[in-house]
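Student: Pasting in a structure now, in structure tokens, and then I'll have a few things to ask.
The values are calculated or read from the model by the stated rules, or taken from the named source; none is laboratory data. Source: prediction; values computed, not measured. We place every Cβ from the backbone using ideal geometry, glycine too, and count neighbours over all the protein chains shown. In case anyone asks, the SASA skips ligands and DNA or RNA and just uses the protein heavy atoms, side chains included. Shrake-Rupley method; radii C 1.70, N 1.55, O 1.52, S 1.80 Å.
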Amino acid sequence: MAKSKGSVVLDIQKFTFPISGITSFKELNKSLNMHAKTTVLKQANTLAPKRFMDINIDNQQAIFVERLRTIDDLPVVLDQDYLLSPPVSSLPAGVAENSIYEYLEKELHLEVSYATKAITVEKAADDIAEKLQLDDDKFVVIVRSLSYLDDTTLFQLTSSYHRPDKFKFIDFARRKKI
């Protein structure tokens, strides 16, 4: 913390990622003025995992996308997405670097509606630890989510791996009167 003529300047080292809402990384990057860069590490047609979070998924075709998010050349988030097919049958080259949600909503006219999410802290697999340049302890914050369209169709399985030294979760909660 530095002081200057009655004002306090805070050196914020962590980035606030909204977990309770559904915001694309492109929207978040713009609203928080992070100047983040997205690099697509892999995009391929595959099968979705047989089990994800608390649901079983049986022989579901999917498009797998792995993206690394960097801020000031530091890797901060590794996203691994499975876009289920149907409803997402293809993903043109370049879309994943820009915004998958923008493509889904504006080009495919799908309405992204809600998600269920789980946040855990776990030891990272070696490949994830390497991509995120984690310290020797290799712990990572994982936000796993199931995302649905407005007609309740499951369309996306996501595991977002966050560096714990750059992760901060802030939520808004209201007490409900009983």
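Student: Would you mention how many residues in region 85-102 are modelled with pLDDT of 95 or more, assigned to a helix (DSSP H, G or I) and in contact with a helix residue (DSSP H, G or I) (Cβ under 8 Å, 6 or more places away or on another chain)?
Tutor: 1
Student: Confirm whether Ser90 is farther than 22 Å from Ile55 by Cβ and among the hydroxyl-bearing types (Ser, Thr, Tyr).
Tutor: When the stated conditions are applied, Ser90 passes them.
Student: Quick one: what pairs do we get from region 140-164, first residue more than 11 Å from Glu111 (Cα to Cα), second of a type in the set (Gly, Ala, Ser) and assigned to a loop (DSSP other than H, G, I, E, B), C-beta under 7 Å, 6+ apart or different chains?
Tutor: Val140/Ala124; Leu157/Ala48; Tyr161/Ala124
Student: Of all residues in region 110-127 being open to solvent by less than 60 Å² (accessible area, probe 1.4 Å) and assigned to a loop (DSSP other than H, G, I, E, B), which is nearest to Asp171 (Cα to Cα)?
Tutor: The qualifying residue nearest to Asp171 (Cα to Cα) is Ala124.
Student: Please state which of the following conditions Val143 fails to meet, knowing it meets all the rest: (1) surrounded by 12 or more Cβ atoms within 10 Å (Cβ to Cβ); (2) in a loop (DSSP other than H, G, I, E, B).
Tutor: (2)
Student: Find the residue count for region 112-157, including only residues that are of a type outside the set (A, V, I, L, M, F, W, C) and within 21 Å of Ile57 (Cα to Cα).
Tutor: 13
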